[in-house]
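Bear in mind that the values in this text are calculations on the coordinates, not laboratory data. These numbers were taken from a predicted model, which means no experiment stands behind them. Reconstructed Cβ throughout: ideal geometry from the backbone, glycine too, with neighbour counts over all protein chains shown.
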């Protein structure tokens, strides 16, 4: 399916009609209940990958056995903690996105964690960023209403036919998934071919390549593949703009340290001692710009919560006819 739309105008402000009124914030140090919906972006010690993409600093990196053991233990602890939150905070629905530096699904503990989390009643969605190099049959044991994949196609690392076969298997299994390509000029033909051959119901997104400037003509080529490419094309001014991170969206590392997002260093507390609860609050972004989808999707000055409503962590637009939609 090829979608041809004009380049969108990305607005600097957007009045979200369904946004609830601002509530009084607790004083610093005063514990508060978790929000009714919480998104967690988890990244453990794992940094190894089986691919050798030239634009990735973690290409073909190998973790030593000790790092893998620590990563496994950290992930199991994280999964246990989310199960506990289902008991202590039953009114909170949680969405999880695993964003490992490397490839997680070739490790059995990530497959087990996603399977377990998909069946927990307090988990609304659990997704992982993956290159789909591993087997996918294990997803048959997941709850298809909550498990999902954010898959990236790397044309220089895998054949078109092999990746497409994995995608079609996911569709047959009724798994929610999106597919993406980094917008390198040499990937354009491969991305166009993948768009033609993927099931129509599958959204194919394009990430602007870091450091690359696109002319309007070049951007229009990618826009024909991904009608939402305009959001990725330019970094977004974020400093002083309201953002959901730090309140209903948090970044978690392997030892439980919580930050508002992957790109802000300030520590909010720890997931395992509840020290973060007193610091949850809506606050403006401290960074000048935000140029990564997993960051700017949470900016309130953009309309992306409406664009991706119901599919934030797996990057599936609300109006896309997607396999597995419920």
Task: Structure-derived Cα Rg over 2.2 N^0.38 Å: which label, when the choices are (1) 0.97; (2) 1.09; (3) 1.15 - done: (1)
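Report the relative contact order of the stretch 37-307, percent, no decimals, based on alpha-carbon pairs under 8 angstrom and at least 6 residues apart.
Numbers: 479 pairs, mean separation 43.4, N = 271.
Reported as a whole number, the value is 16 percent.
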- [ ] Return the percentage of antiparallel bridges among DSSP beta bridges fully within the chain, rounded to the nearest 5 %.
- [x] 25 percent
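Where a ≥ b ≥ c are the square roots of the eigenvalues of the C-alpha gyration tensor, would you call the stretch 112-236 rounded, which needs a/c under 1.5, or, failing that, prolate if a/b is larger than b/c, or oblate? Please report the intermediate quantities before stating the final value.
Values: a/c = 2.39, a/b = 1.72, b/c = 1.39.
Prolate.
Taking 51 Å as R0, compute the FRET efficiency from the Cβ-Cβ separation of residue 84 and residue 215 and round it to 0.05. Working shown, then result.
Numbers: r = 52 Å, r/R0 = 1.01.
Efficiency at R0 = 51 Å is approximately 0.50.
Hey, what number do you get for the chain at 222 nm if only DSSP H runs of n ≥ 4 count, each worth -39500 (n - 2.57), divided across all residues, to the nearest 500? It would help to have the intermediate numbers written out before the result.
Details: 8 runs with 81 residues, N = 326.
Value at 222 nm, helices only, nearest 500: -7500 deg cm²/dmol.
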TODO: Kindly put 268, 68 in sequence by how many other C-beta atoms sit within 10 Å of each C-beta, fewest to most.
DONE: 68, 268
Task: For the stretch 192-326: relative contact order, % (alpha-carbon pairs under 8 angstrom, 6 or more apart) - done: 25 percent
Open item on the list: For a quick check, take a GNM of the chain with Cα springs below 10 Å and name the residue from 231, 214, 203 with the largest mean-square fluctuation.
Closed with: 214
Open item on the list: As a footprinting exposure proxy, order 171, 108, 146, 232 by other Cβ within 10 Å, with the fewest listed first.
Closed with: 108, 171, 146, 232
Task: Max mean-square fluctuation residue, GNM over the chain, Cα-Cα springs under 10 Å, options 263, 98, 229 - done: 263
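Give me the extension gain from residue 47 to residue 270: residue separation times 0.36 nm, minus the current Cα-Cα distance, reported in nm with one decimal.
Extra length available between residue 47 and residue 270 comes to 78.1 nm.
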